[in-house]
Protein chains: 2
Amino acid sequence: MVSPLPTTNDGRVPVINKRYELLTLGDELLLGLTTNTHLSFLGAQLGRRGVLLQRNVTITDEADAIAKQFTESWRTADVVITTGGLGPTCDDRTREVIAQTLGQKLVFDPTVEKAIEELFTRLGRKMTPNNLKQAYRPERAEVLPNPNGTAPGLWIQQDGKVLVMLPGPPTEMQPMFLDQVVPRLAKLGLLLDREAYVQFRTAGVGESALETKLQSIFDQHGDALSVAFCAHQGQVDCRLSAPAGKLSYSQLEDIARDCARVLGEDLVCFGHDSMAKIVADLLRAEEKMLAVAETATGGLLAHAFTDIAGAGKFFAGGCVCYSNESKVLLLDVPECILEQHGAVSAENTVAMATGAAERMGADYALAVTGFTGCCGGTAENPLGTVFVALYSPLGVWSKRLCYPGPRAAVQARAVNAALDWLRRELLHARNGTSAPMRRTETA
Amino acid sequence: MVSPLPTTNDGRVPVINKRYELLTLGDELLLGLTTNTHLSFLGAQLGRRGVLLQRNVTITDEADAIAKQFTESWRTADVVITTGGLGPTCDDRTREVIAQTLGQKLVFDPTVEKAIEELFTRLGRKMTPNNLKQAYRPERAEVLPNPNGTAPGLWIQQDGKVLVMLPGPPTEMQPMFLDQVVPRLAKLGLLLDREAYVQFRTAGVGESALETKLQSIFDQHGDALSVAFCAHQGQVDCRLSAPAGKLSYSQLEDIARDCARVLGEDLVCFGHDSMAKIVADLLRAEEKMLAVAETATGGLLAHAFTDIAGAGKFFAGGCVCYSNESKVLLLDVPECILEQHGAVSAENTVAMATGAAERMGADYALAVTGFTGCCGGTAENPLGTVFVALYSPLGVWSKRLCYPGPRAAVQARAVNAALDWLRRELLHARNGTSAPMRRTETA
């Protein structure tokens, strides 16, 4: 149930004291054509298992650059991970250059040839001869099979170090790392075979208020317990660890449960689940349907749910109503409300939530309106003002919120605030209690 | 009108032969808590101005790591850009460490102090004393004012090289780079004062077919002209450059216009505009409103427009219809269509487009349905099948498309295909011609 995250943002050493370096290869990264998702994925995965990645270097596809950088990284690191440059075309030079640097010959591997041929047969495509380049491997390398593409990964142990070479496409690299590389590294003691920290997520409490609430629990464990906070978009994650090893993993889980009891409904979850996933699980468990309606968040609220597999089971749909006509025609918002109160108002937001629930046959509905852009806003409701409305079988309410920062930040916090309100309402519905904190600002 | 991009993916040298390195600082990048958008932004901006960024290194906030990496980068590079670590807290060490490495003392700058105080006054917040740390600068550094935050940037020329230190938040870093750093670098001849390549974007033609279509134009210029293609999500960008300097910028623009004449409506635009932006401009020019309805793309089609400033002028709204009930109640899809043909069908997609236009009072509508997930699909319509429908004042039509690859790729191509269809229809409406390529698969 409980899963953790390490952090060294507060200056503590990571649990596994080995130097990891990541080399991401490709001109497309340096020209900004592709975002470096390899760094965020691998950095997070290593971090959860007690390793702080020490350095990520992105270089061009040029052979000299690869040779120079790899030589330097191999000299100082314990583990080097590379991504990219393993494909069939002429700018895929990683395999050749690194084999040479390590003093290994390339040998043809018939097992890899067979796997590539089988993949082409399965896809009903004809294999061009340059694909066979991918069947060569450094002589003392182990092949990491690639069930999702043609370029296999490579695993090399040499000079008391480990080199892992992974293909560039994230859909191939990510499962290969989780399924094949993590167990091998754990077996060698180069990362933990479980997560390194116990994490729980909270909402509705600021970082310092959270610390104050939980301080008496933390104090019971003195130096044995280390606590780190990470705030993001109205949520704060709390991570518990035992740097000196004086508390076991299950003792950390017990402490997290003590914190949960103090936090009540401010606890979102143990582990890494998103707020949308938690709301989705509550809706599924109660067999209730949700509908959403939004203006200023422009589809982000709907997308928070449609990103979840099997969303059809609990999500009826969403409306992005930009024009007033669409609010009236799609969601039955009375024209007089728009005339009297405007689109960014408690009244309209409540009408949109009600309309969404009724017009999509849903049990619950959320609506979000606001001034999030670079312009708009009034003296009464300046830029950053957001209205959220919640429709439930028990009634419909609205809240007025105000967030600082650029547009994307305001949108993210508004979506999170809406989801959190629904989460609390669903908890009360499940437990048969009445929610104490509804702010009713409109009829 | 015309704006260009350089590329060295095809092995050509960049126009500006100077070595640029980017140092991105921060544990949050290495722990995967934040995506490295600095690399994609700065890499693309430099690329457009004739520079291929040679290396990006991400390191921890630790003083030793910063000193070691900066020393190495400063030795080999002509221009070093750093991001992050300039803030007021104790883990912001970049300024101190780099000043020391360069042998410069830190001096207190009263102008910076005043700017920080004014910003706090403007925001109505109280300034804590640690903010004054940001008023220290290396003695021979110039300050780059930060209108969007407290940490100013720094510009240092020393040892025949340039060091640019930028704050970490993208909303502060990006305008500072474009408004203050680019003109300074151009003045020193370290990047071009205009874009380096002439680019045009195309849709509906594959990379090799595009080359064949345009070959006779390219052939007229022999070695003087260099051509590079970049394919993404059903679009292909074409970039023209004159590596030996035998063609002027305006001659390259003339060649791009020759290509445009051959391409007809397959030309999307000159420069870097997105397909959604082009469609938005056409709708605005004709004073027409658009509505959208979608299932499998889960809000991405609506979000393509709501990301554009002033979308209310041309975008009525969108529906994300997951449940059949929402399709019937919101968009008047006849129940018998869903029973007979299913939700992923030409018939339902046409009904959704029609309903969207009528229920939101729009002139045009797009609808997208499909099997994009990890499951679903039928023998007739396997995974990757997408239906797009276009409603216009002249009628309503649908297309069946099929894309390989993971969910996000299928969704992106489906959205792009829908936008491109509307773009062509709007061109024909503007020119008073009839569109030749509508594929009508349903009544």
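The values are calculated or read from the model by the stated rules, or taken from the named source; none is laboratory data. None of these values were measured; they are calculated from a predicted model. So basically every Cβ, Gly included, is an ideal-geometry build from the backbone, and we count neighbours across all protein chains shown.
Consider region A:356-403 and keep the residues that are part of a helix (DSSP H, G or I) and in contact with a strand residue (DSSP E or B) (Cβ under 6 Å, 6 or more places away or on another chain). The one that is surrounded by the fewest Cβ atoms within 10 Å (Cβ to Cβ) is A:ALA357. Considering only residues in region B:146-173 that are in contact with a strand residue (DSSP E or B) (Cβ under 9 Å, 6 or more places away or on another chain), at pLDDT 95 or above and not hydrophobic (A, V, I, L, M, F, W, C), the one that is nearest to B:PHE120 (Cα to Cα) turns out to be B:GLY153. Here A:SER250 clears all of (1) under 23 Å from A:ALA362 (Cβ atoms); (2) outside the structural domain of A:ALA304 (by TED's automatic domain parsing) except the condition numbered (1).
Just name the residue that is nearest to the other protein chains (Cβ to nearest Cβ) out of those in region B:44-74 that are among the hydrophobic types (A, V, I, L, M, F, W, C) and in contact (Cβ under 8 Å) with a residue 40 or more places away in the chain. Checked region B:44-74; the qualifying residue nearest to the other protein chains (Cβ to nearest Cβ) is B:LEU52. The residue that is surrounded by the fewest Cβ atoms within 10 Å (Cβ to Cβ), among those in region B:332-343 that are at pLDDT 95 or above and aliphatic (A, V, I, L, M), is B:LEU338.
Among the residues of region A:193-213, the ones that are of a type in the set (Val, Ile, Thr) and part of a loop (DSSP other than H, G, I, E, B) come to 1 in all. Taken over region A:383-419, the criterion of being closer than 19 Å to A:MET360 by Cα and of a type in the set (Gly, Ala, Ser) is satisfied by A:ALA389, A:SER392, A:GLY395, A:ALA418.
Tell me the residue from A:THR349, A:THR372, A:THR378 that is at pLDDT below 90 and either closer than 16 Å to A:TYR322 by Cα or in contact with a His (Cβ under 9 Å, 6 or more places away or on another chain) (or both), please. Being at pLDDT below 90 and either closer than 16 Å to A:TYR322 by Cα or in contact with a His (Cβ under 9 Å, 6 or more places away or on another chain) (or both) holds for just one of A:THR349, A:THR372, A:THR378, which is A:THR372. Taken as a whole, the condition of being buried (at least 17 other Cβ atoms within 10 Å of the Cβ) and on the phi < 0 side of the Ramachandran plot does not apply to A:SER248. Checking every residue in region A:340-355 against the condition of being more than 9 Å from chain B (Cβ to nearest Cβ), in contact with a Cys (Cβ under 6 Å, 6 or more places away or on another chain) and closer than 17 Å to A:SER398 by Cα gives zero matches.
Taking first residues from region B:354-372 that are closer than 17 Å to B:LEU426 by Cα and partners that are polar (S, T, N, Q) and in a strand (DSSP E or B), the Cβ contacts under 7 Å between residues at least 6 apart in sequence or on separate chains come to B:TYR364/B:SER392.
Going by the conditions given, is A:THR89 in contact with a strand residue (DSSP E or B) (Cβ under 8 Å, 6 or more places away or on another chain), more than 9 Å from chain B (Cβ to nearest Cβ) and surrounded by fewer than 17 Cβ atoms within 10 Å (Cβ to Cβ)? No; evaluated as a whole, the condition is false for this residue. Cβ-Cβ contacts under 9 Å between residues 6 or more apart (or on different chains), taken from a first residue in region B:316-343 that is closer than 18 Å to B:LEU366 by Cα to a second residue that is of a type in the set (Asp, Glu) and assigned to a strand (DSSP E or B), are listed as B:GLY318/B:GLU294; B:CYS319/B:GLU294; B:VAL320/B:GLU294; B:CYS321/B:GLU294. Scan region A:107-165 for residues that are surrounded by fewer than 18 Cβ atoms within 10 Å (Cβ to Cβ), among the β-branched types (Val, Ile, Thr) and outside any helix (DSSP H, G or I) and the total you get is 3.
Residue under question is B:LEU188, and the condition is that it be out of contact with any Phe, Trp or Tyr (no Cβ under 6 Å at 6 or more places or on another chain) and under 23 Å from B:GLN100 (Cβ atoms); does it hold? Against the criterion (out of contact with any Phe, Trp or Tyr (no Cβ under 6 Å at 6 or more places or on another chain) and under 23 Å from B:GLN100 (Cβ atoms)), B:LEU188 does not qualify.
Scan region B:171-192 and give yes if some residue there is touching a Ser or Thr at 6+ places or on another chain (Cβ under 7 Å), buried (at least 21 other Cβ atoms within 10 Å of the Cβ) and within 14 Å of chain A (Cβ to nearest Cβ), otherwise no. Looking through region B:171-192, at least one residue is touching a Ser or Thr at 6+ places or on another chain (Cβ under 7 Å), buried (at least 21 other Cβ atoms within 10 Å of the Cβ) and within 14 Å of chain A (Cβ to nearest Cβ). Hey, can you tell me all the residues within region A:1-32 that are modelled with pLDDT under 90, within 22 Å of the chain's Cα centre (by Cα) and more than 7 Å from chain B (Cβ to nearest Cβ)? Residues satisfying the conditions are A:MET1, A:VAL2, A:SER3, A:PRO4, A:LEU5, A:PRO6, A:ASP10, A:PRO14. In the set (1) assigned by TED's automatic domain parsing to the domain that holds B:GLU62; (2) closer than 20 Å to B:LEU22 by Cα, the condition left unmet by B:LEU192 is number (1).
Only one entry of B:PHE41, B:PHE108 meets the criterion of being more than 10 Å from chain A (Cβ to nearest Cβ), at pLDDT 90 or above and closer than 20 Å to B:GLY153 by Cα, and that entry is B:PHE108. Restricting A:LYS313, A:LYS327, A:LYS288 to those that are more than 10 Å from chain B (Cβ to nearest Cβ) and in contact with a helix residue (DSSP H, G or I) (Cβ under 9 Å, 6 or more places away or on another chain) reduces the list to A:LYS288. Being touching a residue at least 24 places away in the same chain (Cβ under 8 Å) and under 22 Å from A:ARG430 (Cα atoms) is a description that does not apply to A:LEU240.
So that you can scan it fast, the table gives a plain yes or no per residue for (1) among the hydroxyl-bearing types (Ser, Thr, Tyr); (2) under 27 Å from B:ASP27 (Cβ atoms); (3) in contact with a Leu (Cβ under 9 Å, 6 or more places away or on another chain):
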position	(1), (2), (3)
B:LEU154	no, yes, yes
B:LEU185	no, no, yes
B:LEU190	no, no, no
B:THR202	yes, no, yes
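Table: residues versus (1) β-branched (Val, Ile, Thr); (2) surrounded by fewer than 22 Cβ atoms within 10 Å (Cβ to Cβ); (3) farther than 30 Å from B:LEU225 by Cα; (4) free of Cβ contacts under 8 Å to residues at least 60 places away in the same chain.
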residue	(1), (2), (3), (4)
B:VAL262	yes, yes, no, yes
B:ASP266	no, yes, no, no
B:SER274	no, yes, no, yes
B:ILE278	yes, yes, no, no
B:LYS288	no, yes, yes, no
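Looking at region A:148-199, which of its residues are out of contact with any helix residue (DSSP H, G or I) (no Cβ under 6 Å at 6 or more places or on another chain) and among the small types (Gly, Ala, Ser)? Within region A:148-199, A:GLY160, A:GLY168, A:ALA186, A:GLY189, A:ALA196 qualify.
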